[in-house]
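First the structure, in the form of structure tokens, and then the observations on it.
No value in this document is a laboratory result; all are computed from the given coordinates. Worth saying up front: this structure is predicted, and the values here are computed from it rather than measured. No Cβ is skipped: glycine too gets one built from the backbone with ideal geometry, and neighbour counts run over all protein chains shown.
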Amino acid sequence: MADPKLIDDLAQRAGVSTADAEAVLEVLGTFAPDRVSELLRRSSPATAPAPTRYVFNALDVEALIEAARKHPLGVDFLLNGDLSAVAATFQAHAFTVDAAREHLRGQAR
């Protein structure tokens, strides 16, 4: 059996119960025990990479606002359209759309 802390970490990362995480590891261990042992050693929370956070560039926000100004749907669509529709239309990350909305609303004050 793997270290309970590793099982908990795996379950949390995968969004499953600890019992499910342990069962999966057990089944995988029958096919490739050395590989599972290696993965368990490398997945220790101390060595796991920190989650990345999306960081947008201010130029991305300005470019999105400029694209909205030139687009037939306009800035109103950028401000009030469905987030996923706006992101898809302008091929922008949803966080960039949010930042552009905040920027435009800040200018309106």
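Going by average Cβ neighbours within 10 Å, how do the peptides 59-68, 92-101 rank, with the highest at the top? Mind showing how you got there, number by number?
Details: 59-68: 16.7, 92-101: 18.8.
Averaged packing, sorted descending, gives the order 92-101, 59-68.
Which whole-Hz ³J(HN,Hα) couplings does segment 10-19 yield from phi under the Karplus relation 6.51 cos²θ - 1.76 cosθ + 1.60, θ = phi - 60°, glycine and proline marked x?
Listing the rounded values in order: 4, 4, 5, 5, 8, x, 10, 6, 5, 5 Hz.
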